[in-house]
Amino acid sequence: METNFLQILDHFSLQETVAKVEPFGNGHINDTLKVTNDKGEAKYILQRINHHVFTNVDMLQNNIRIVTSHIRRKLEEQGEQDIDRKVLTFLPTRKGQPYYFDGENYWRVCLFIPRSKGYEEVTPKLSYEAGKAFGNFQLMLADLPDGKLGETIPRFHNMEFRLQQLDDAVKANAAGRLKEVESLIKEIASRADDMRLQERLFREGKLRKRVNHCDTKVNNILFDEDGKVLCVIDLDTVMPGYVLSDIGDFIRTAVNTGAEDDENLSNVGVNIEIFKAYTRGYMESAASFLTPLEICLLPYGGRLMTYMQAVRFLTDYINGDTYYKIHHPQHNLQRTKAQLQMLYSLEAHAEEMEAFMKEWL
Ligand code: ADP
Ligand code: GN1
Ligand code: MG
């Protein structure tokens, strides 16, 4: 049945007359829609929350409320102008609820940030700005008391857990696809011990948890007309975890010369200038709270998050595509191969990246 977006929007107290609702962005999990008023101005973002992925919608929206109000307070203290373009503002329903449940789906609305621009690819200059912004995002949330934010997806970036899920998928072979992915599974298995490092260090008391964004793809930042960062968005996965998530996912996405799912593997590789620019920006914000061990591990974070994404895409492929939205039947397989290709390229650049970190050690 076709969704009646106007009826859904009617449950929120909106100031504008809605003229158009259209799909926006290219997320793999939620459905995102742009809402335009009768003057043709984008005014709101409407999202259907994927509640099969985010099973505790109350926790999810509570986290987002804590994060956005904390950041808003910090921006006010810093005397920041234009705050409404620098932090997301979610609108309650007419009944004062943070989301609307229509009996089947969960919906939320936030203000569309005017004159903002998102990118799928960045220049070194934009990469530097993004690094500063994601580092600053972590810095602003660093003083949230432990236990304040829930894990909206339990063990989301836990590599041991992700490898366990792959193992379970292999055992079940639900979609009968195991034969065609044997060589990929071997590639993954040969690196598994190395990639469980953060969990080991945590158990040894050498690594602590911090509040991370956990989805630092370049398209989760909005820039203004002059290439300055306005706002970090897509806050569903902000939760406590290991710090490498937030440098890692940016390296995985923005440092890649190809696409996350590139069909042509020769497009995939490392753009070292993007890495350097991001790291410089990130360290400007994050050097004050990172430990020397964490700083040393930042390039490893890129390899880890790329590996983790390969594991997650492959698991979904073996399970028969139950998690990520796909655009064709081989999509998760194609994504897995592109992520592994990126991993090989990151491995080839590891020494150069590690040498670059010396400046901060
Ligand atoms: P997802 O990636 O889960 O689909 P996002 O929250 O990242 O959802 O939104 C998708 C895209 O929509 C973003 O990459 C961004 O370009 C745009 N977008 C999201 N929220 C806003 C906003 N408040 N103002 C302007 N653009 C937005
Ligand atoms: C998903 O919603 P989106 O597309 O930003 C996923 C991320 C993955 C990403 C891969 C909740 O993010 O963890 O890194 O796809 N989000 C969730 O592109 O699983
Ligand atoms: Mg997004």
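The values are calculated or read from the model by the stated rules, or taken from the named source; none is laboratory data. Bear in mind that the values here come from a model prediction, so they are computed numbers and not experimental data. Cβ placement follows ideal geometry from the backbone for every residue including glycine, while neighbour counts extend to all protein chains displayed. These accessible areas exclude ligands, DNA and RNA; they are computed on the full protein's heavy atoms, side chains included. Shrake-Rupley method; radii C 1.70, N 1.55, O 1.52, S 1.80 Å.
Quick look at the values:
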| item | result |
| --- | --- |
| Cα centroid of the stretch 263-289 to Cα centroid of the stretch 12-59, whole Å | 30 Å |
| Chain lengthening between LEU111 and TRP360 when straightened (0.36 nm per residue, less Cα-Cα) | 85.8 nm |
| Sum of -39500 (n - 2.57) over DSSP H runs of 4+, divided by residues of the chain (222 nm, nearest 500) | -13500 deg cm²/dmol |
| Over 29 Å between alpha carbons, listed pairs LYS39/LYS325; LYS39/LYS228; LYS74/LYS117; LYS276/LYS325; LYS117/LYS148; LYS209/LYS276 | LYS39/LYS325; LYS276/LYS325; LYS117/LYS148 |
| Reachable aspartates and glutamates from LYS20, criterion Cα separation under 12 angstrom, eight or more residues apart if same chain | ASP38, GLU41 |
| Span from the the stretch 296-361 Cα centroid across to the the stretch 92-137 one, whole angstrom | 24 Å |
| Reachable lysines, given that their alpha-carbon falls under 16 Å from the alpha-carbon of LYS186 and they are not under 8 places away in the same chain | LYS171, LYS337 |
| Surface accessible to a 1.4 Å probe, per residue, for the residues of the chain, Å² | 46 Å² |
| Cβ-based net charge around LEU265, under 14 Å, with every Lys or Arg adding one and every Asp or Glu removing one | -3 |
| Which of LYS74, LYS337 is most accessible, then next, and so on - probe 1.4 Å | LYS337, LYS74 |
| In range of the label at ALA287: residues from the stretch 210-248 whose backbone nitrogen is under 18 Å from the point 7 Å along Cα→Cβ | 247 |
| Two-site FRET efficiency, ILE83 against GLN330, from Cβ-Cβ distance with R₀ of 51 Å, rounded to 0.05 | 0.70 |
| 13 Å beta-carbon shell around LEU139, net charge (K/R +1, D/E -1) | 0 |
| In Å, descending, principal axis extents of the Cα set of the chain | 56, 50, 38 |
| Estimated distance in nm for a label pair at GLU2 and ASN264, the labels positioned 7 Å out from Cα along Cα-to-Cβ | 3.8 nm |
| Carbon plus sulfur fraction of accessible area for the chain, probe 1.4 Å, in percent | 49 percent |
| Contour minus Cα-Cα distance for CYS296 and ASP58 (0.36 nm per residue) | 82.0 nm |
